[in-house]
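The values are calculated or read from the model by the stated rules, or taken from the named source; none is laboratory data. Note that the coordinates shown come from a computational prediction; the quantities given were computed from them, not determined experimentally. Because the Cβ atoms are built from the backbone with ideal geometry, glycine has one as well, and the counts that use them run over all protein chains shown.
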Amino acid sequence: MISTFFKPLLLMLIVFFSALASANLFDSPYQGNVMVGSFDEKELKEMALKQVLIKVSGNSEIVRRDESKLLLKKTQQMLAQYGYRNYQGITYFSALFDKRKINQALKEMQQPVWGETRPTTLIWLIKNNKLLSDNTIKHSNDRSLSGSLQKNEHRRGIRLQFPLMDLDDNLALSVSDVRGRFYKQVGNASSRYGLNHFVVAELKILNSEKWKLSWQLITTDKRSKQNTILVSENVTGKKSLVLSQMVNTLADYYAGQYAVLENQGEKFIQTLHINGIDSLAKLSQLNRILENLLAVSSFNILATEGALITIDVKINGGLNSFKNALIIQPHLQLDTTQRVIPEKIPEVDETETLITDAETEKTEALYFNWR
């Protein structure tokens, strides 16, 4: 066990995690957070690495692989920083792992890499004929409810958000709207939270040991206001189990949409036309978005025509994960109507390094509006 002399020092060091991870304890997929309990530090480090492998790969079974068991022997080499932290009265061991080393290890295992593209999901959950609020979840004494949700959020690296259930929510939506799956009303009530995905769910008790959870994951097209059912499940079992299953299914769905499995064979070039880039600040934001997407290998600005910019992007992995990663960006709105391409594409300086090569295939262009 770590000596009591060094614990305060490590507690202070954890403050500096903000340079490498979000200020929130559980935000970074590359940070493992484990309740200290009676584990020694070596065990805590290994448990934190297991958590990170699950979060970053999107594969809850990855720790069972032989390659993962071998990687655990190199836990110390993978670490960037670690320390102790108190969160809601619980002491956690927090370990931040080297992003580059984790990504490389997953690639060598031929596993996908799921980076920072992780949608927050709004949950409209009925229990005892009431819609549960964010405050209820945070301060609930029912550990099989709030504890199960929070534990699996942290384990899978996704964020759940519950509605405020203030006057605005109560005027906009009723229990009957959620129970009856009136998606238009639920979508309208959800719009104030600015999220792309929401869940409608009802938790019912069947007997002292068994509960039923019926839920659906919905996405709303901001342009057409159309709602699409992405996942639908009815599960029965212990309360904590059915809630855990929902969170795991959500994480599995998102991993399938946003995780990148690097394609060693065929490569793709995607042309993007983005309208609304009318300032250097917006261009800088766009550059940061593309630079931080795991699905982007490299990109090259081909042309600017007023506020319309044309970019060629060389893609890591599949087209689907790349497109989904763009659509989820708050500043980008997919435009399925605009098909105007700049009339003049300036010649590329011969000294520039082109991102095209003999093995790349050009795909149909995508059009976005900056917002």
*Does any residue in segment 215-228 that is within 15 Å of Pro119 (Cβ to Cβ) come within less than 6 Å, Cβ to Cβ, of a residue that is of a type outside the set (Lys, Arg) and assigned to a loop (DSSP other than H, G, I, E, B) six or more places away or on a different chain, and which pairs are these?*
Thr219/Asn196
*Could you list, in sequence order, the residues of segment 176-191 that are surrounded by 14 or more Cβ atoms within 10 Å (Cβ to Cβ) and under 16 Å from Asn129 (Cα atoms)?*
Asp177, Val178, Arg179, Arg181
*Being in contact (Cβ under 8 Å) with a residue 40 or more places away in the chain, outside the structural domain of Tyr253 (by TED's automatic domain parsing) and of a type in the set (Lys, Arg) narrows it down to one of Lys184, Lys99, so name that one.*
Lys99
*Looking at (1) under 19 Å from Met246 (Cβ atoms); (2) in a helix (DSSP H, G or I), which is the only condition Leu203 fails?*
(2)
*Out of Lys210, Lys239, Lys225, Lys204, report the one residue that is among the basic types (Lys, Arg), touching a helix residue (DSSP H, G or I) at 6+ places or on another chain (Cβ under 8 Å) and at pLDDT 95 or above.*
Lys239
*May I ask you to list pairs of residues, at least six apart or on different chains, whose Cβ atoms are under 9 Å apart, with the first in segment 254-272 being closer than 30 Å to Phe198 by Cα and the second being at pLDDT 90 or above and acidic (Asp, Glu)?*
Gln270/Asp312; Leu272/Asp312
